[in-house]
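First up is the structure itself, then whatever we jot down about it.
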Amino acid sequence: VSRVRKLFRENMEDYRARGETISNAELFRGSFAISVCPSDYVESPTIVGAQAANELLNIIGVKASFVLTEYRNTVYVSARAIDEVNVQIIMERLGGGGHLNIAGCQFEEIEVPEAIKILKEKEAGSIIDRAKEYMHCGVQYPRRQRQRGKRTGAVRYAPGQPQGNPRHRLVQDH
């Protein structure tokens, strides 16, 4: 047991930075944690930022987390979610990409406060609003799977949304 525990130990600076990131997180619109990871005393700040984004999901009520890290004149955004919000769509609208639960983007030549403003007030803010509206939607199964009695691949469709590629939905079945 002690040998395994030693494998997962980390250095003090990374641990402090992750704790500071979590401690300074703000809850945006009641369900979205946004924070900034310090980069001045951390060897791999983008990794620490991604770890903090993961840990912010452990907070009750947080549907998605966004951690911004400034490193070498670029602001990196690590986005994480728990099935109810598709962070891939949000990050794609900001020039990034990823997966529905893990995604990211980068802002070059701007400071962290401006990146937070973009995340909150511009395109992503309206997407976050839409994502919250779509949290309670019906479930549909593709026709072939309904016929075979299988329930894999179920996709939640928002009311009034055209049915198409499930990757482009804000909300996926959980």
In a shell of Cβ-Cβ distance under 12 Å around L56, excluding L56 itself, what net charge do Lys and Arg (+1) and Asp and Glu (-1) give?
-> +1
Once a ≥ b ≥ c are taken as the square roots of the eigenvalues of the Cα gyration tensor of the stretch 1-72, is the result rounded (a/c under 1.5), prolate (a/b larger than b/c) or oblate (a/b not larger than b/c)?
-> oblate
Once the piece of chain linking K6 and D40 is laid out straight, how much longer is it, given 0.36 nm per residue of separation minus the C-alpha distance between them?
-> 9.6 nm
Neighbourhood net charge (13 Å Cβ-Cβ; Lys/Arg +1, Asp/Glu -1) for I34 = +3
Considering only protein heavy atoms, what per residue accessible area in square angstrom results for the stretch 60-104 with a 1.4 angstrom probe?
-> 39 Å²
Placing each pseudo-label 7 Å from Cα in the direction of the beta carbon, N24 and E114 end up separated by a distance in nanometres of 1.9 nm
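The values are calculated or read from the model by the stated rules, or taken from the named source; none is laboratory data. Nothing here was measured: the structure is a model prediction, and the numbers come from that model. Please note: Cβ atoms are built from the backbone with ideal geometry, for glycine as well, and neighbour counts cover all protein chains shown. The accessibility values were calculated without ligands, DNA or RNA, using every heavy atom of the protein model including side chains. Shrake-Rupley method; radii C 1.70, N 1.55, O 1.52, S 1.80 Å.
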